[in-house]
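Taking it in order: structure first as structure tokens, then the write-up.
Taken together, the values in this text are just the output of simple stated rules run on the coordinates, not laboratory data. Given the structure is predicted, the values throughout are model-derived calculations rather than measurements. Virtual Cβ from ideal backbone geometry, glycine too; neighbours counted across all protein chains shown.
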Amino acid sequence: MSQESLAIKEIWQKNSITLGIKWSDNQEFLYDVRTLRALCPCAGCQAQRPANELLEQVRPKTITSVGSYALKIDFNDGHNTGIYSFEFLKDLGEQQKKQG
Amino acid sequence: MVDMEQPLATDTNTQPIKNKIHSIIAVASGKGGVGKSTVSVLLAHFLKKRGYRVGILDADIYGPSLALMTKASPPSQEGNTIFPGKSSDISVISVGMFADPNKAQVLRGPMAANLLGQLYRQVAWGELDFLIIDYPPGTGDIQLSLSQLLTVNAALLVTTPQDLALLDVRKAISMFKTLNVPLAGIVENMSYFTCSNCQEKHYLLGQGGGAKLAKEFGLCELGSLPANQDLTRAGDKGLFGDDSYFSPQLLEAIEKVGVSFLGELAKIRPAPNLSSFTLNWRS
């Protein structure tokens, strides 16, 4: 049985606001960490999105793997409850690529 | 802006206790009462006999079975470190070893998840080839917490033959797919009952459920186990370590499940991916 599930091959900090991920299918995407904070998938942020003016200064403190399917980002604004699934991040990368 | 390429994140072992666990195997179903614990213990003994170092973590907080089923020695504690109980050289940890068996664990999800986290992190498992996680039924809080806490290498699904059971097992398959956990295959339990008088097999719960499910999802049917008095007695009395209690036919059925499992596990290639990491952001 061969199963190709989505996984991260490499993850790195490109610059102070950009996260790079190389996926298991060898596609590489760059992510603005402020966008990730704005799109936080946690229940609290689904109910109320963080205000835009607060996002400019926000940066991650640590990014940690969650099981085999997601990332958890601990932001310097004290927010750390978002679980970013690989699927969510991959879709986001592809969407951004389409929009150029 | 000038690119400041930072070093890659590296794999980290976040456990405070120095354990070295090569493969974490989930034994799960979605459905309750299909024999997840029985299959967990049988698989543990099969692997042990093959020379592997094996541990079992009973992740069923609300209905722990493994203390009774393995009759493992009681765990001990030094400071914050828990040393697992032992049964035929298999390390065993279950909430049932710490709690009054007649008292219910009345806990909400987050508390139950904390308890499980402790049972995994604070236990000195040492070096294991296999840590078998005996999952509780369902696809909810605990199952999600387990999948966040651990990097599960493969899941083995247990079902009984009837459609009603398959309904729940399909949900467990879907859950593991969502959580990116590879599936090693399906064991059909309580497949048949062999009459001791006429030696005929009776299919009390219907026939072919495991095969149907395996075909539906392109998974391997690892084998089927009978409904059997000796298995029931072994569970009640903690006799799984002693093969002399089991008939040659039953031992053969168990062996087939174990061998197929190892075969399927070998096919799940460890991809060159990061499995567990922390990236520290530099400002």
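Helix B:163-178 axis versus longest C-alpha principal axis of chain B: approximately 20°, rounded to the nearest ten. Per the Cα gyration tensor, region B:97-240 maps to an equivalent ellipsoid with semi-axes of 30, 21, 15 Å, ordered largest to smallest.
Applying both filters, DSSP loop and at most 11 other Cβ atoms within 10 Å, to the trypsin sites (Lys or Arg not before Pro) of region B:14-108 gives B:18, B:103, B:108. Over 31 Å between Cα atoms: which of A:9/B:49; A:72/B:212; A:61/A:90; B:86/B:177; B:36/B:267 fall into that group? With Cα atoms farther than 31 Å apart: A:9/B:49; A:72/B:212; B:86/B:177.
Eigen-decomposition of the gyration tensor built on the alpha-carbon atoms of region B:158-267 gives equivalent ellipsoid semi-axes of 26, 17, 13 angstrom, largest listed first.
Just to confirm the filter: which GluC sites (Glu not before Pro) across region A:7-100 are DSSP coil and have at most 11 other Cβ within 10 angstrom of their Cβ? Here the sparse-neighbourhood loop sites are A:56.
Between A:55, B:224, B:253, the Cα set farthest toward the positive side of the dipole of the protein assembly as shown (charges on each charged residue's Cβ, about the Cα centre) is that of A:55.
Here chain B is treated as a Stokes sphere of Kirkwood radius computed over C-alpha pairs; at 10 °C and 1.306 mPa s its diffusion coefficient rounds to 80 µm²/s. A cut-off of 5 Å between modelled amide H atoms, ignoring neighbours fewer than 5 places along the same chain, links residue A:70 with A:86.
Across region A:58-74, coupling constants 3J(HN,Hα) worked out from phi with the 6.51/-1.76/1.60 Karplus curve, θ = phi - 60°, read 6, 9, x, 9, 9, 10, 10, 6, 10, x, 10, 9, 7, 10, 10, 10, 9 Hz, and Gly and Pro carry x. Taking amide H as placed 1.01 Å from N in the peptide plane, the amide H of residue A:59 sits under 5 Å from that of A:76, A:77, each at least 5 places away or on another chain. Cα convex hull, region A:1-48: 88 Å³ per residue, rounded to a whole number. Normalised by 2.2 N^0.38 Å, where N is the number of residues, the alpha-carbon radius of gyration of chain A equals 1.07. Peptide A:5-12 has a mean of 5 when you count, residue by residue, the C-beta atoms of other protein chains within 10 Å of its C-beta.
Quotient of the Cα radius of gyration of region B:45-113 and 2.2 N^0.38 Å, N being its number of residues: 1.19.
Please determine, in degrees from 0 to 90 and to the nearest 10, the orientation of helix A:86-98 with respect to the longest principal axis defined by the Cα atoms of chain A, where the helix direction is its Cα long axis. Once rounded, one gets 80 degrees.
Using just its DSSP H runs of length 4 or more, each adding -39500 (n - 2.57), chain B gives a mean residue ellipticity at 222 nm of -10500 deg cm²/dmol after division by all residues. What the Kirkwood sum gives for the protein assembly as shown is a hydrodynamic radius of 22.4 Å, with every pair of different alpha carbons counted. Placing unit charges on the Cβ atoms of the charged side chains and taking the dipole of the protein assembly as shown about its Cα centre, the candidate lying farthest along the positive direction among B:131, B:208, B:185 is B:131. Here the Karplus curve 6.51 cos²θ - 1.76 cosθ + 1.60, taken at θ = phi - 60°, turns the phi angles of region A:33-50 into couplings of 5, 6, 5, 4, 5, 5, 9, 2, x, 5, 4, x, 6, 5, 6, 9, 5, x Hz, with x standing for Gly and Pro. Here A:79, B:45, B:202 are placed in order of increasing Cβ neighbour count within 10 Å, fewest first, which gives B:202, A:79, B:45. The Rg/Rh ratio for region B:109-185 is 0.98, where Rg is the radius of gyration of the alpha carbons and Rh is the Kirkwood radius. By other beta-carbon atoms within 10 Å, ranking B:259, B:187, B:95, B:181 with the fewest at the front produces B:259, B:95, B:181, B:187.
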